[in-house]
Amino acid sequence: MAEFKAFKKNIEVNGKTILSVLSGMKGFEKSAKGILAKNGINNPEPDKWYSQQAWLDAFKEISVKIGEKTLISIGQTIPENAEWPPDIKTIESVMASIDIAYHMNHRYNETPLFDPETGKMSEGIGHYNYKKTGDREITMVCENPYPCALDRGIIKAVAKKFMPANSKLDCKEVVFEGCRSKGANKCTYVVSW
């Protein structure tokens, strides 16, 4: 499993999440809208759903034409735009909730991949796996079709928002089993504060 290829057909992403591309490319919205439209996402609206593969194709184009820093910037805006579980108070709880939020913002054959009422999560898009590995350290394993730089942006943004005051955030990619950008199945990040 590498970047930019959906694991299943008929997976969709909600428009709120798609709009993070425009937020992450602030000042270059016209270019962002052009890239989205070229890949089949015309004038995204918050309450509509769009092809995950089309969104991945847009990310691939952004990656090639604009670069990794823009993908990180987009990732940093996703937590502001996407649906998120309520009652998040700590860095540990927010990091543990990334996978739930990820599934809340995707659906398969018009059925959301996470139902907050039942807690049922369906498969088809991969995961963000959380593990507390130290007193002030978390390991995140990202096994999904999105670009690595996007994941780094998401992880940094949610960690920064909930880290304790007077802490310094450090987020490093650790190459245990390769990297999705090089064709591996997953990327691992160590977050400390």
*May I ask you to list pairs of residues, at least six apart or on different chains, whose Cβ atoms are under 8 Å apart, with the first in the stretch 34-51 being at positive phi and the second being small (Gly, Ala, Ser)?*
GLY40/SER51; GLY40/ALA54; ASN43/ALA37
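Quickly run through the stretch 79-127 and pick out the residues that are of a type in the set (Ser, Thr, Tyr), under 25 Å from ALA165 (Cα atoms) and in a helix (DSSP H, G or I).
Taking the stretch 79-127 and keeping what is of a type in the set (Ser, Thr, Tyr), we get 90, 93, 97, 102, 108, 111, 118, 122.
This time we only want the ones that are under 25 Å from ALA165 (Cα atoms), so: 90, 93, 97.
Within the stretch 79-127, SER93, SER97 meet the criteria.
Taking the stretch 106-125 as the search range and keeping residues that are of a type outside the set (A, V, I, L, M, F, W, C) and touching a helix residue (DSSP H, G or I) at 6+ places or on another chain (Cβ under 8 Å), which one is modelled with the lowest pLDDT?
Filtering first and then ranking leaves PRO116.
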*Which residue out of ASN129, ASN105 is buried (at least 20 other Cβ atoms within 10 Å of the Cβ) and among the polar types (S, T, N, Q)?*
ASN105
*Could you grab me the full set of residues in the stretch 17-27 that are touching a residue at least 24 places away in the same chain (Cβ under 8 Å) and either surrounded by 18 or more Cβ atoms within 10 Å (Cβ to Cβ) or more than 20 Å from the chain's Cα centre (by Cα) (or both)?*
THR17, ILE18, LEU19, SER20, VAL21, GLY24, MET25
_Suppose the filter is without any contact (Cβ under 8 Å) to a residue 40 or more places away in the chain, among the charged types (D, E, K, R) and not in a loop (DSSP other than H, G, I, E, B); does GLU61 pass it?_
yes
*Output the number of residues of the stretch 98-113 satisfying the condition of being free of Cβ contacts under 8 Å to residues at least 60 places away in the same chain and within 29 Å of GLY134 (Cα to Cα).*
6
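Considering the stretch 25-58 alone, what residues qualify as being in a helix (DSSP H, G or I) and in contact with a Gly (Cβ under 7 Å, 6 or more places away or on another chain)?
So the first thing to find is which residues in the stretch 25-58 are in a helix (DSSP H, G or I), and the list is 29-38, 52-58.
Matches in the stretch 25-58: ALA54 only.
Picking from LYS69, LYS16, which residue would you name as being of a type in the set (Lys, Arg) and farther than 16 Å from CYS148 by Cβ? Walk me through it before giving the result.
On the way: LYS69 fails: farther than 16 Å from CYS148 by Cβ.
After ruling out the rest, the residue left standing is LYS16.
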*asked:* Scan the stretch 4-16 and tell me whether some residue there is of a type in the set (D, E, K, R), in contact with a Lys or Arg (Cβ under 8 Å, 6 or more places away or on another chain), modelled with pLDDT under 95 and crowded, with 16+ Cβ neighbours inside 10 Å.
replied: no
*Could you check, for the stretch 95-116, whether at least one of its residues is out of contact with any Phe, Trp or Tyr (no Cβ under 6 Å at 6 or more places or on another chain), under 17 Å from LYS156 (Cα atoms) and not β-branched (Val, Ile, Thr)?*
yes
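For residues that are in contact with a helix residue (DSSP H, G or I) (Cβ under 9 Å, 6 or more places away or on another chain) and surrounded by 13 or more Cβ atoms within 10 Å (Cβ to Cβ), scanning just the stretch 46-57, find the one that is farthest from ALA82 (Cα to Cα). Lay out the reasoning, then the answer.
To start, the set of residues in the stretch 46-57 that are in contact with a helix residue (DSSP H, G or I) (Cβ under 9 Å, 6 or more places away or on another chain) comprises 46-51, 54-55, 57.
Adding the requirement that they be surrounded by 13 or more Cβ atoms within 10 Å (Cβ to Cβ) leaves 48-51, 54-55, 57.
Details: LYS48: 13, TRP49: 13, TYR50: 14, SER51: 16, ALA54: 18, TRP55: 15, ASP57: 19 Å.
Restricting to residues being in contact with a helix residue (DSSP H, G or I) (Cβ under 9 Å, 6 or more places away or on another chain) and surrounded by 13 or more Cβ atoms within 10 Å (Cβ to Cβ), the top hit is ASP57.
The values are calculated or read from the model by the stated rules, or taken from the named source; none is laboratory data. Everything quoted here is computed from the prediction, not taken from an experiment. Backbone-built Cβ (ideal geometry, glycine too); neighbour counts: all protein chains shown.
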